[in-house]
Amino acid sequence: MRTINKIYIDGSFITPHGNEQFDLYNPATATIIGRVQLADAVDTRHAITAAKKAFQSFSHTTKAERISMLRRLHEALITRIDDLADATTEEYGAPISRALWGARYAAESFLNAAKILEEYSFTRRMGTAEVVMEPVGVAGLITPWNANAGFICNKLATAIAAGCTTVIKPSEMSALQTQVVTEALHAAGLPHGVFNIVTGRGDVVGAELTASTDIAKISFTGSTAVGKAILRSSAETMKRVTLELGGKSPTIILDDADLETAVPMAITAGFANSGQACIAGTRILVPEHKMSATIELIRTTVNQIKVGNLRDPATAIGPMVSQKQYERVQGYIRRGLEEGATLVVGGEGHPDGVAGYFVKPTVFSHVTNDMTIAREEIFGPVLCLMGYRTEKEAIAIANDTSYGLQAYVISPDREHANKVAAQLEAGRVVINNAPHEPLAPFGGRKQSGLGREYGVFGLEAFLEPKAVMGGLAL
């Protein structure tokens, strides 16, 4: 049984003022593996005070100084890659291949931020004025459980690059991972108060961050419902807000695509991170005249996916993070059947031979865009197969959603794919499963969020422009 009873404020590990105990589970076995002592509003205020004090000097550090810090943070986390991956597998249920990728991605966030910072100019001439980009202030960073280390490190790296100090509220469900990350970041030896990590509930720690007059910016990743609440609360103090929220991403298989290539691509996009990903391509659109062939290929492909042993590098899908999430996904599967969708593969219950919070990888066909499973974010390995008659209809179906985070297009003709991509209402469009680009902006349209992360766009979300005019000698 693990015990996490420290938070990180002003450069030190301290015992929280809060005394609520929260159980940590291994989702693969549905057993308690630890307990975390949660921080409260008092702890949050102490963290804000530390960050505010540190901002006075940190906001005036040079690019070279912050680049050095970012490189030290990268080096410190690299030494803990295996520890972080093990914690991610044990606490979140990520297959080891995914966990290792996520740990490396988290570490690389600091190098990516350093690269952006090296090339960025904080001053520019605009007509007769000099425009200076200044750090916005103390930032509250609120992160979810589905990629804990990656979200913490990417947001923190960008804030540091901008010259902001931070208070981080990670998910209470990710305390083991957070502990490894915090120990690594502490070892980098940054000035006290530059980052503070306060694990607690959203309605306690998160609420204190969004209400505080000393927090200038909130960067939140999570559900659309919580994002709306944060936006409403932040409006009282006119905070700058970046929200990366939910998604219901379409994957359009164009008529010229080879199904033998396209179907595995679409399944990979849909089942990314065991389906617990806001960018998952959960609506697969295919020409109607290819529907029968697609169904057979999907059935074959999904039945070959390995589920279960998380330490096996070949395992692709892990369990849901909690009993609550497992039941949520089961409810959507039942809803799909009740609304008349055809079950291609998977269904209710556990996969053969496993228990815990594992869900059968599930695909429905003959789904219409008015069905619940096509409209709402399920956040599990459940995909919808939808037919279209014309390309125009495919684009209309893809855009007929309240979300607009990411979309996928599959075609051997890049010009054709680009033409379709230009018509999709999404913050990102991935063609033929192109790899993640950390220098490109990431964020959503419509109810998938506000603002952008990554790259120069992400950096400038932590900066405020100041125009200085009339500075020339008389």
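The values are calculated or read from the model by the stated rules, or taken from the named source; none is laboratory data. Bear in mind that the values here come from a model prediction, so they are computed numbers and not experimental data. Backbone-built Cβ (ideal geometry, glycine too); neighbour counts: all protein chains shown.
Counting the residues of the range 180-201 that are under 21 Å from the mean Cα position of the chain (by Cα) and surrounded by fewer than 20 Cβ atoms within 10 Å (Cβ to Cβ) gives 1.
With the range 1-107 as the region, which strands (runs of 3 or more DSSP E) entirely inside it contain at least 2 residues that are more than 23 Å from Thr158 (Cα to Cα)? It comes to 2-4, 12-14, 21-26, 31-37. Here is a check on your reading of the model: is Arg45 in contact with an Asp or Glu (Cβ under 7 Å, 6 or more places away or on another chain), surrounded by fewer than 20 Cβ atoms within 10 Å (Cβ to Cβ) and touching a residue at least 40 places away in the same chain (Cβ under 8 Å)? For Arg45, the condition - in contact with an Asp or Glu (Cβ under 7 Å, 6 or more places away or on another chain), surrounded by fewer than 20 Cβ atoms within 10 Å (Cβ to Cβ) and touching a residue at least 40 places away in the same chain (Cβ under 8 Å) - is met.
Determine the pairs where a residue that is among the β-branched types (Val, Ile, Thr), located within the range 257-278, has a partner that is assigned to a helix (DSSP H, G or I) with Cβ atoms under 8 Å apart, the partner being 6 or more residues away or on another chain. Within 8 Å, the pairs are Val263/Thr294; Val263/Leu297; Val263/Ile298; Val263/Thr301; Ile267/Ile298; Ile267/Thr301; Ile267/Val302. Checked against (1) farther than 22 Å from Ile305 by Cα; (2) in contact with a Gly (Cβ under 9 Å, 6 or more places away or on another chain), Pro351 meets all criteria but (1).
Scan the range 397-451 for residues that are within 15 Å of the chain's Cα centre (by Cα), of a type in the set (D, E, K, R) and part of a loop (DSSP other than H, G, I, E, B) and jot them down. The answer is Glu437, and nothing else. Of all residues in the range 300-326, those being in a helix (DSSP H, G or I) and under 22 Å from Met173 (Cα atoms) number 4.
In this structure, does Glu377 turn out to be part of a loop (DSSP other than H, G, I, E, B), among the acidic types (Asp, Glu) and closer than 27 Å to Thr261 by Cα? Against the criterion (part of a loop (DSSP other than H, G, I, E, B), among the acidic types (Asp, Glu) and closer than 27 Å to Thr261 by Cα), Glu377 qualifies. Counting the residues of the range 240-273 that are touching a Gly at 6+ places or on another chain (Cβ under 9 Å), farther than 21 Å from Glu437 by Cα and assigned to a helix (DSSP H, G or I) gives 0. Among the residues of the range 360-374, none qualifies, meaning not one is under 23 Å from the mean Cα position of the chain (by Cα), part of a helix (DSSP H, G or I) and among the polar types (S, T, N, Q).
Filtering the range 257-299 to residues that are surrounded by 21 or more Cβ atoms within 10 Å (Cβ to Cβ), small (Gly, Ala, Ser) and either over 17 Å from the mean Cα position of the chain (by Cα) or outside the structural domain of Tyr326 (by TED's automatic domain parsing) (or both) leaves Ala257, Ala262, Ala266. In the set (1) assigned to a helix (DSSP H, G or I); (2) aliphatic (A, V, I, L, M); (3) surrounded by 24 or more Cβ atoms within 10 Å (Cβ to Cβ), the condition left unmet by Val204 is number (3).
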